[in-house]
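The values are calculated or read from the model by the stated rules, or taken from the named source; none is laboratory data. Bear in mind the structure is a predicted one, so any value in this text is a computation, not a measurement. Neighbour counts are summed over all protein chains in view; Cβ atoms, including those assigned to glycine, are modelled from backbone coordinates with ideal geometry.
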Amino acid sequence: MDTEAAARTGTTSTGHAARLEKALGVVLGTEQSPLRLRAWDGSEAGPPDAPILEFKSRKALRRMLWSPGQLGLSRAYVAGEIDAPGDIFAAFVALSSAGKFAEPGPFRPPSASELSLLLRTAVRLGAIGPNPAPPPEEARVAKKGRMHSRGRDSAAISHHYDVGNDFYALVLGPSMVYSCAVWPDGDAAADGSAAGTAPEPASADGLDAAQDAKLDLVCRKLGLQPGMRVLDVGCGWGSFALHAAGRYGASVVGVTLSTEQASLARKRAADAGLTDRVEIRVQDYRDVQDGPYDAISSIGMSEHVGREQTPAYAAALFGLLRPGGRLLNHAISWNAGPTSPDPDSFIPRYVFPDGEMISLSEMVAALETARFEVLDVEALRRHYALTLRAWVRRLEQNWEEAVRLAGPGRARVWRLYMAASALGFENGLTGVNQVLVRRPGGEEPPLRRTAWL
């Protein structure tokens, strides 16, 4: 590169960073890096005003050589071999909008010529060596039996949720709600996404009120009344069960596969004096046999069910409801058309093993096939982006304590996962929807939505 071109791009002509820029270009499928790269020798390359991606070790490049795509970069980040020391959202916006990373669906691997260039770069930088072992935070549930069997589902849930209740409390705050909050119009409008600008981080201080609003919205949609019997599928730490029992007088059974969640949920029910109205079980929803229930909530749980099992899931919940009873299914959806999420990418490997996002149309079709009547569908995509930004802010504000509680690798997994997920909701790749349905029969539903709006 000549001096004038180097001055325009801000790329150094000496040191390791210039070669790293070429290697990243191979992985991304771009001629110019969207990031400012900083190498382990202190050299820098790339656009001077771009977000910084710091390579702290040659091992990061070796991971890119063995897994040239999202997985290699993710493993290097979790292992602490690369870092985004500034605004992680800005770094991921730059990365995800470049080359192959901007393409939905499974990552397109490098060609033979691209791999050859990557190999030559690794040789020059002394990064050749055996494939580094994945960080210990990577899930191993694939060895636990048939996908979506009871045992394997239990292992997948344990991998994600049994990280430690104190860690989750640090990120989620007092509400202990691990799903999309519902923000007031002022906060949603202020995120800037309608105008195509980068949203500001949602206020962590407003998160608890937004989560309370979400729990209350679900109760109103379900039409809860004192004495009603409610099943909460995937009850988490019991927040919805406590809300429904404490404010609406319902009798709630919550089921989860996480023993740590169940332990804290029971303690919270006891502390609130609600043990007579809240029962928490460590139980698979497929094993619940004590229906009928007056209402069922499933908040952020059906993503763990899997596409093939979704019709059976809908049928099982239909069988547990009395005629006229309502089900509220709150779930993330895949909005990127006919492509599918990459099963070999970061989130399936580190965050939600065996998790499957399906489209809203697939979910509604499964519910209707099970003979449910659809009453209402509400899209909350922008709300989840705001929620995730609030969680990231809380994590970063309490970083040292998060590392102490969960370890540095796990803390980095959650920072990466929540930031990347926020961007997925902001760019419309993913959505989240509340689908309200009822089992036909019994009393008629309200004529209008005024009962819950």
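So is Ala245 at pLDDT 95 or above, small (Gly, Ala, Ser) and more than 22 Å from the chain's Cα centre (by Cα) or not?
Taking the combined requirement at face value, the residue satisfies it.
For (1) of a type in the set (Gly, Ala, Ser); (2) modelled with pLDDT under 90; (3) more than 30 Å from Thr310 (Cα to Cα), each residue gets a yes or a no:
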site	(1), (2), (3)
Gly105	yes, yes, no
Ala112	yes, yes, yes
Leu117	no, yes, yes
His160	no, yes, no
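Each row is one residue, and each column tells you yes or no for (1) without any contact (Cβ under 8 Å) to a residue 40 or more places away in the chain; (2) surrounded by fewer than 19 Cβ atoms within 10 Å (Cβ to Cβ).
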{"residue": "Thr256", "(1), (2)": "no, no"}
{"residue": "Glu260", "(1), (2)": "no, yes"}
{"residue": "Ala265", "(1), (2)": "yes, no"}
{"residue": "Ala272", "(1), (2)": "yes, yes"}
{"residue": "Tyr285", "(1), (2)": "no, no"}
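May I ask you to list the residues in segment 264-307 that are modelled with pLDDT of 95 or more, polar (S, T, N, Q) and assigned to a helix (DSSP H, G or I)?
none
Across segment 242-254, what is the total count of residues that are out of contact with any Asp or Glu (no Cβ under 7 Å at 6 or more places or on another chain), surrounded by 22 or more Cβ atoms within 10 Å (Cβ to Cβ) and in a strand (DSSP E or B)?
Number of matching residues: 0.
Is at least one residue of segment 309-316 at pLDDT below 95 and either touching a His at 6+ places or on another chain (Cβ under 6 Å) or assigned by TED's automatic domain parsing to the domain that holds Asp287 (or both)?
yes
In segment 308-339, which residue that is without any contact (Cβ under 8 Å) to a residue 60 or more places away in the chain and assigned to a helix (DSSP H, G or I) is nearest to the chain's Cα centre (by Cα)?
Thr310
What's the total number of residues in segment 1-52 that are in contact with a helix residue (DSSP H, G or I) (Cβ under 7 Å, 6 or more places away or on another chain), hydroxyl-bearing (Ser, Thr, Tyr) and at pLDDT 55 or above?
Residues flagged as in contact with a helix residue (DSSP H, G or I) (Cβ under 7 Å, 6 or more places away or on another chain), hydroxyl-bearing (Ser, Thr, Tyr) and at pLDDT 55 or above within segment 1-52 amount to 3.
Looking at (1) loosely packed, with under 15 Cβ neighbours inside 10 Å; (2) under 18 Å from Gly424 (Cα atoms); (3) modelled with pLDDT of 95 or more, find the lone condition where Asp344 falls short.
(3)
For segment 433-453, name all the residues that are surrounded by 12 or more Cβ atoms within 10 Å (Cβ to Cβ) and either within 16 Å of Ala366 (Cβ to Cβ) or charged (D, E, K, R) (or both).
Asn433, Gln434, Val435, Leu436, Val437, Arg438, Arg439, Arg449 - these are the residues of segment 433-453 that are surrounded by 12 or more Cβ atoms within 10 Å (Cβ to Cβ) and either within 16 Å of Ala366 (Cβ to Cβ) or charged (D, E, K, R) (or both).
As an exercise: evaluate Leu224 against (1) part of a loop (DSSP other than H, G, I, E, B); (2) closer than 30 Å to Ala419 by Cβ; (3) among the hydrophobic types (A, V, I, L, M, F, W, C) and give the number of the one condition it does not meet.
So Leu224 meets the others, but not (2).
Only one of Val403, Val364 is outside the structural domain of Ser96 (by TED's automatic domain parsing) and under 30 Å from Asp87 (Cα atoms). Can you tell me which?
Of Val403, Val364, the one residue that is outside the structural domain of Ser96 (by TED's automatic domain parsing) and under 30 Å from Asp87 (Cα atoms) is Val403.
Considering every residue within segment 126-142, establish whether at least one is modelled with pLDDT under 85, within 30 Å of Ala336 (Cα to Cα), outside the structural domain of Val413 (by TED's automatic domain parsing) and assigned to a helix (DSSP H, G or I).
yes
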